[in-house]
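Notes for the one structure printed next.
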Amino acid sequence: MSTKHILAVLFFCGFALLTVSVQTCDKKLLKGVSCIMKFPDNIKAIIKPNEGELKWTFNSLVAQRKKGKNGKTFPDATIESDGSLKLQNVKVSNTGTYKFEAYDNEDKVVANHNVEIAVYEKALKPNVTHKCMNGNFTLTCDTKKNDQRDLTITWYNGPGDIKGENKAVLFQTSQQLQKNTEYSCRVGNPASDARSDVLKVSCADKPWTLFGFDFWIMVGILSGGGALLLLLICVLVICAFRSCEQREKEKDEEELRLRSFDTPTNQQRAKVTARGQPAPPIPQEDYDPATQTPPQTQSQTKGPVRARPPPPPNDEDEENPPPLPRPRKKREKRAEEPYRPME
């Protein structure tokens, strides 16, 4: 085969590869690819590329073609011969809705179509780290370098994935570590994904123990027991105070009841203190007739003695009237003077 034929074959192969590499613009695209935005076949049958006007609009950017000749276009966009829009080296900023409109020669809209795309960054390979604590361990999947938009995380324990774990931090117990020690994570978006290297976890430190049991379990048990004991002590103290108050109250009521039923003569004998001890006798003062008033007799306490009634009047007594009554003296002096009958 001559050199010309070889060059021709290489040219056609390269052109074929270039043609194949340009894909149709899907809703989810990876940054850096090129794609073509097409419209349905029913619209393709209506429009005539060499007549009228074709226009693609994206935000404020417009790609325009009139009567088969390209007009203004926005960066990295061209209108193909059949009216489709070709985007080259798409970026994240190209995410959005593209609107197609076809006009006839009288500037009337004969067809329209919308195409929506989303461009994502390529997912970067994450890194997995671990941290041991009290026999358990925590795994972290580093995703800071990745675009967080629509980012998903999947954890793998050996060959299979861990169901229900989709966060960047994974907590595992010492029992789970005994079953499998190889862990990895995968990050991805709708356009690409990447998986980390396998990490073999090894936690050499032993879990904390107390009395042969797990430290935190024993702390919880001791805390609950201490709180229960403190509550029991408070209840006992309150009951003791109430019992003392009730006992004192009963003693006071008993003393009042005894005082109310005792006679005056026996009151001094039965009188006791609040603590149940006999009260000391009341001292009697010595009687001094010079300084103190003599005790009153029984007759004085009962009141003054009535005088004898005067005898019936006689004629002889009319000339001699009876003497006037003397005023009463104080009880003390009257008690000292002897009894005088009235004249």
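Using heavy atoms of the protein chains and a probe of 1.4 Å, the accessible area assigned to Thr152 is about 70 Å². With viscosity 1.567 mPa s and temperature 4 °C, the Kirkwood radius over alpha carbon pairs of region 32-170 converts through Stokes-Einstein to a diffusion coefficient of 70 µm²/s. The calculated FRET efficiency for Glu254 paired with Ala227, based on their beta-carbon distance and R0 = 30 Å, is about 0.10.
Pairs from the table (Lys86/Lys108; Lys27/Lys144; Lys69/Lys91; Lys28/Lys69; Lys125/Lys200) lying more than 21 angstrom apart at Cα are Lys86/Lys108; Lys27/Lys144; Lys69/Lys91; Lys28/Lys69.
Ligands, DNA and RNA excluded, the heavy atoms of Phe171 present near 110 Å² of accessible surface to a 1.4 Å solvent probe. 3J(HN,Hα) couplings calculated from phi for region 139-144 with the Karplus curve 6.51 cos²θ - 1.76 cosθ + 1.60 (θ = phi - 60°) are, in sequence order, 9, 10, 9, 7, 10, 5 Hz; Gly and Pro show x.
The Cα center of region 85-127 and the Cα center of region 148-183 differ in position by 37 Å. Surface composition of region 118-167: carbon and sulfur make up 50 percent of the accessible area, probe 1.4 Å. What the phi angles of region 67-84 give under the Karplus curve with 6.51, -1.76 and 1.60, with θ = phi - 60°, is a coupling list of 6, x, 10, 6, x, 7, 9, 8, x, 6, 9, 9, 9, 6, 5, 8, x, 6 Hz, glycine and proline written as x. Available extension along the chain between Val198 and Asn112 is 25.8 nm, counting 0.36 nm per residue and deducting the alpha carbon span. Among Met133, Ala118, Thr143, pick out the residue whose Cα is farthest towards the positive end of the charge dipole of region 113-152, where Lys and Arg carry +1 and Asp and Glu carry -1 on C-beta, about the Cα centre. Positive-most Cα among the choices belongs to Met133. Backbone phi angles across region 148-156, fed through the Karplus curve with coefficients 6.51, -1.76 and 1.60 (θ = phi - 60°), yield HN-Hα couplings of 7, 6, 6, 8, 10, 10, 10, 9, 10 Hz in residue order; Gly and Pro are listed as x.
Once the Cα-Cα distance is subtracted from the 0.36 nm per residue extended length, the Asn127 to Asp142 segment shows a gain of 4.9 nm. Maximal additional length on extending the Val219-Thr95 stretch stands at 39.1 nm, based on 0.36 nm per residue less the C-alpha distance.
The values are calculated or read from the model by the stated rules, or taken from the named source; none is laboratory data. The shown structure was predicted, so the numbers you read here are calculated from the model rather than taken from an experiment. Positions of Cβ are generated from backbone atoms using ideal geometry, with glycine treated the same way; all protein chains shown enter the neighbour counts. These area figures cover heavy atoms from the full protein model, side chains too; ligands, DNA and RNA do not enter into them. Shrake-Rupley method; radii C 1.70, N 1.55, O 1.52, S 1.80 Å.
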